[in-house]
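Q: For reference, the structure I am asking about is given below.
The values are calculated or read from the model by the stated rules, or taken from the named source; none is laboratory data. The structure presented is a predicted model; accordingly, all values stated were derived computationally and were not measured. Virtual Cβ from ideal backbone geometry, glycine too; neighbours counted across all protein chains shown.
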Amino acid sequence: MPQGDKSKYTAKQERKTDHIAEGYEKKGVGEKEAERRAWATVNKDDGGGKKAGGSGRGKSTGHPAAHRGGALGGEASAARPASARSASAKKAAATPEEKRLRDDGRARGAGLRSCSPVSRSPAKTMLRWRRLKASGQDRRP
C-alpha cells in the first residue's frame, strides 16, 4: 500500500476528516494544510484506517483529540464573581445531612407545620424541632 493511501479508512473516518478540515479552513488554514492536519487528527483519534485487513477494526477508540475542549473551557466560571463561585463550592461540598437540612423546607413549602409528624421519622422530626428552636422560629405553646 503506497504512502498516503486512504483505502483502509471507513466512510465515517472520511466524514470526520472533512468536518475537521472545514474547521481548520474557517480559521484561515490553507486547504492542503487543513486536510493534512485533519488526517493526522483522525489517525491520532482512531489509530489509522479501520476497514478489514487493517489492525484494530471494531475496537473502541478513546477519542483523545475530542477531549481537548475541556482544556479551553472555564470562561463562564471566570466571569462569575468570587462570592458566587465560593457559595457554589460550599453548596457542592456540603454533607448529605447538611443538604437535607438546607433543602427540607423548600421541598415541602411552609416547613414542618405543613406536614404531618406521622409522615416523618422521629429522628428527622427531632432535628427539625432543634433547628427551628435554635433559629427562634419555634412557636410551640
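Q: Out of everything in the stretch 1-25 that is of a type in the set (A, V, I, L, M, F, W, C) and under 31 Å from the mean Cα position of the chain (by Cα), what residue ends up being modelled with the highest pLDDT? Steps first, please.
A: Filtering the stretch 1-25 down to residues of a type in the set (A, V, I, L, M, F, W, C) leaves 1, 11, 20-21.
Checking which are under 31 Å from the mean Cα position of the chain (by Cα) leaves us with 11, 20-21.
Details: ALA11: 87, ILE20: 92, ALA21: 95.
Checked the stretch 1-25; the qualifying residue modelled with the highest pLDDT is ALA21.
Q: Just to verify a result, which residue in the stretch 77-87, among those that are surrounded by 10 or more Cβ atoms within 10 Å (Cβ to Cβ) and at pLDDT 80 or above, is farthest from LEU132 (Cα to Cα)?
A: Step one: filter the stretch 77-87 for residues surrounded by 10 or more Cβ atoms within 10 Å (Cβ to Cβ), giving 77, 80, 84-87.
Cutting the leftovers down to at pLDDT 80 or above gives us 80, 84-87.
Working: ARG80: 33, ALA84: 27, ARG85: 29, SER86: 26, ALA87: 23 Å.
Applying the filter and picking the extreme gives ARG80.
Q: Here's another thing I want to ask about it. Going by what's in this entry, would ARG131 be described as charged (D, E, K, R) and modelled with pLDDT under 80?
A: no
Q: Checking the condition on the phi > 0 side of the Ramachandran plot, at pLDDT below 85 and more than 26 Å from the chain's Cα centre (by Cα), which residue from GLY28, GLY56, GLY49 passes?
A: Numbers: GLY28 fails: at pLDDT below 85; GLY49 fails: on the phi > 0 side of the Ramachandran plot.
Checking each option against the conditions leaves just GLY56.
Q: How many residues are aromatic (Phe, Trp, Tyr) and within 19 Å of ALA52 (Cα to Cα) if we restrict to the stretch 1-27?
A: First pass over the stretch 1-27, keeping only residues aromatic (Phe, Trp, Tyr): 9, 24.
From what's left, within 19 Å of ALA52 (Cα to Cα): 9.
Result for the stretch 1-27: 1.
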